[in-house]
Amino acid sequence: MEPAEPLSAMFQTTFSIHTRERCTVDITERVAAAVRDSGVARGLAHVFLQHTSASLMLCENADADVRRDLEAFFQRLVPDGDDLFVHRAEGADDMSAHVRSVVTHNDLTIPVRDGRLALGTWQGIYLWEHRYRGRERSLVVTVHD
Amino acid sequence: MEPAEPLSAMFQTTFSIHTRERCTVDITERVAAAVRDSGVARGLAHVFLQHTSASLMLCENADADVRRDLEAFFQRLVPDGDDLFVHRAEGADDMSAHVRSVVTHNDLTIPVRDGRLALGTWQGIYLWEHRYRGRERSLVVTVHD
Amino acid sequence: MEPAEPLSAMFQTTFSIHTRERCTVDITERVAAAVRDSGVARGLAHVFLQHTSASLMLCENADADVRRDLEAFFQRLVPDGDDLFVHRAEGADDMSAHVRSVVTHNDLTIPVRDGRLALGTWQGIYLWEHRYRGRERSLVVTVHD
């Protein structure tokens with residue numbers, strides 16, 4: 001009897017990042033490690049952020065000025081403490097953080113090829129903290145073939 | 001002979017929401033019901049909106065002012081009837097609705113863990129209607145392990 | 001003995017588009033062809049762009065003015081050569097392209113139903129080039145059941 005082909009894999013793991021201020025954190029290696037742990041050769045990796053005042057993004061990974069400029073752009077686009085906002089229970093960065101989250105991303109899906117994330121040369125995966133003081137941020141990574 | 005392990009599940013269902021005006025509608029329970037119906041214990045749930053003048057978003061679910069402020073922010077960001085727009089066959093909310101759709105989301109993927117959506121405490125799934133008079137809005141939910 | 005049900009499929013293919021200028025390119029048929037090649041009847045199709053200065057979007061597919069208006073809107077929202085930007089090594093369209101990419105999408109997931117993309121009537125899949133001179137743009141399409 002032939003050995004059965006392996007059934008499809010569905011690997012899921014969680015991790016958290018403690019941000020200490022408004023900032024971006026490169027989480028590419030954390031996601032890549034989950035892909036390695038999954039044993040998946042060809043499939044998809046999904047990254048999910050369980051919060052509405054921080055974001056995920058794929059961003060240029062070579063020049064830190066790109067993230068600096070993104071932060072500057074978003075501070076102008078979504079002014080902290082804007083008079084337009086009614087929801088301000090937690091301060092000037094409360095509602096602006098929610099808007100930034102909706103305009104960017106809370107989940108990303110990246111192809112897995114040859115057992116690795118099939119990112120472009122200049123793509124990194126970043127957590128973007130929008131609150132001034134940071135938080136404990138929980139992520140769920142799911143990798144499947 | 002050993003009983004075979006279950007094959008992977010791919011569950012797909014559709015539903016529609018009739019919006020009557022520009023508004024947000026909490027569809028979290030509709031998606032959660034699809035997850036329950038799927039029987040998937042660990043996997044992913046994908047929500048897809050078959051329209052380009054409405055959006056999906058993950059949003060803070062405790063204070064309705066957050067959605068009110070998002071609406072106010074987007075009305076300022078993408079003015080209805082903006083002189084910039086050529087495409088205005090269906091009125092002042094026509095092109096602004098398309099822009100809002102591109103700046104936000106038409107599809108979301110959420111992890112499933114222990115048979116439930118692995119949302120954060122404050123995350124809800126919302127349909128965001130951008131047209132003044134609303135529409136019949138069709139969604140496809142796919143849940144798989 | 002009953003014939004075994006087929007194991008789940010994970011189909012992956014890559015293609016590239018050579019853009020020659022800032023523009024939008026309808027790639028719906030390219031993704032639809034991948035779905036046909038996959039043989040998947042019910043599942044999901046994932047499209048991934050391996051770049052941070054171009055985007056993917058689901059957009060109205062009937063009136064080209066919609067894409068013209070989106071381009072006009074984004075030129076006003078994210079001015080090329082904005083004094084705010086430090087990262088300008090490659091010219092006025094360098095940082096603005098990165099911002100456009102983060103505000104829109106680099107990956108899209110679309111349901112597959114009855115062997116076809118379950119897009120709405122007016123939805124098309126577009127590659128949006130943000131650089132003035134265009135580039136060779138690589139995409140990875142993954143289709144699975």
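Here are some conditions: (1) open to solvent by less than 10 Å² (accessible area, probe 1.4 Å); (2) over 13 Å from the mean Cα position of the chain (by Cα); (3) more than 29 Å from B:Gly43 (Cβ to Cβ). B:Ala89 meets all but one. Which one does it not meet?
Failed condition: (1).
Residue under question is C:Phe74, and the condition is that it be hydrophobic (A, V, I, L, M, F, W, C) and within 14 Å of chain B (Cβ to nearest Cβ); does it hold? It would help to see each step written out before you state the result.
Working: hydrophobic (A, V, I, L, M, F, W, C): yes; within 14 Å of chain B (Cβ to nearest Cβ): yes.
Yes; evaluated as a whole, the condition is true for this residue.
Please determine, by comparing only the residues of the range C:35-54 that are open to solvent by 30 Å² or more (accessible area, probe 1.4 Å) and more than 19 Å from C:Tyr126 (Cβ to Cβ), which one is farthest from the other protein chains (Cβ to nearest Cβ).
C:Arg36
Just to verify a result, which residue in the range C:95-140, among those that are touching a strand residue (DSSP E or B) at 6+ places or on another chain (Cβ under 6 Å), open to solvent by 20 Å² or more (accessible area, probe 1.4 Å) and acidic (Asp, Glu), is farthest from C:Ser38 (Cα to Cα)?
The extreme case among them is C:Glu136.
Only one residue in C:Asp69, C:Asp83 is in contact with a helix residue (DSSP H, G or I) (Cβ under 6 Å, 6 or more places away or on another chain), farther than 22 Å from A:Val112 by Cβ and at pLDDT 95 or above, so which one is that? It would help to see each step written out before you state the result.
Numbers: C:Asp83 fails: in contact with a helix residue (DSSP H, G or I) (Cβ under 6 Å, 6 or more places away or on another chain).
That would be C:Asp69, the only listed residue that is in contact with a helix residue (DSSP H, G or I) (Cβ under 6 Å, 6 or more places away or on another chain), farther than 22 Å from A:Val112 by Cβ and at pLDDT 95 or above.
State which residue is nearest to A:Ala9 (Cα to Cα) when the search covers only the range A:23-54 and only residues that are in a helix (DSSP H, G or I) and among the acidic types (Asp, Glu). Reasoning before the result, please.
Kept after step one, since they are in a helix (DSSP H, G or I), are these residues of the range A:23-54: A:28-38.
Filter again for among the acidic types (Asp, Glu), leaving A:29, A:37.
Numbers: A:Glu29: 21, A:Asp37: 11 Å.
Only one residue tops the list, namely A:Asp37.
Kindly list, by first and then second residue, each pair from a residue in the range B:26-50 that is over 22 Å from A:Leu108 (Cβ atoms) to a residue that is acidic (Asp, Glu) and part of a loop (DSSP other than H, G, I, E, B), limited to pairs with Cβ atoms under 9 Å and residues at least 6 apart or on different chains.
B:Ser38/B:Asp145; B:Gly39/B:Asp145; B:Ala41/B:Asp114; B:Ala41/B:Asp145
Within the range B:98-122, how many residues turn out to be among the hydroxyl-bearing types (Ser, Thr, Tyr) and more than 10 Å from chain A (Cβ to nearest Cβ)? Step through it out loud before you land on a result.
Residues of the range B:98-122 among the hydroxyl-bearing types (Ser, Thr, Tyr): B:101, B:104, B:109, B:121.
Imposing the further condition that a residue be more than 10 Å from chain A (Cβ to nearest Cβ) reduces the set to B:101.
Final tally of qualifying residues: 1.
Regarding A:Arg30, is this residue among the charged types (D, E, K, R) and under 22 Å from B:Gly43 (Cα atoms)? Talk me through it step by step, then tell me what you get.
Working: among the charged types (D, E, K, R): yes; under 22 Å from B:Gly43 (Cα atoms): yes.
Yes.
Looking at A:Met57, A:Met95, which one is touching a Phe, Trp or Tyr at 6+ places or on another chain (Cβ under 6 Å), outside any loop (DSSP other than H, G, I, E, B) and more than 13 Å from chain B (Cβ to nearest Cβ)?
Working: A:Met95 fails: more than 13 Å from chain B (Cβ to nearest Cβ).
A:Met57 is the lone residue from the list that is touching a Phe, Trp or Tyr at 6+ places or on another chain (Cβ under 6 Å), outside any loop (DSSP other than H, G, I, E, B) and more than 13 Å from chain B (Cβ to nearest Cβ).
The values are calculated or read from the model by the stated rules, or taken from the named source; none is laboratory data. Only a predicted model underlies this, so the values are computations on that prediction, with no experimental measurement involved. Positions of Cβ are generated from backbone atoms using ideal geometry, with glycine treated the same way; all protein chains shown enter the neighbour counts. The accessibility values were calculated without ligands, DNA or RNA, using every heavy atom of the protein model including side chains. Shrake-Rupley method; radii C 1.70, N 1.55, O 1.52, S 1.80 Å.
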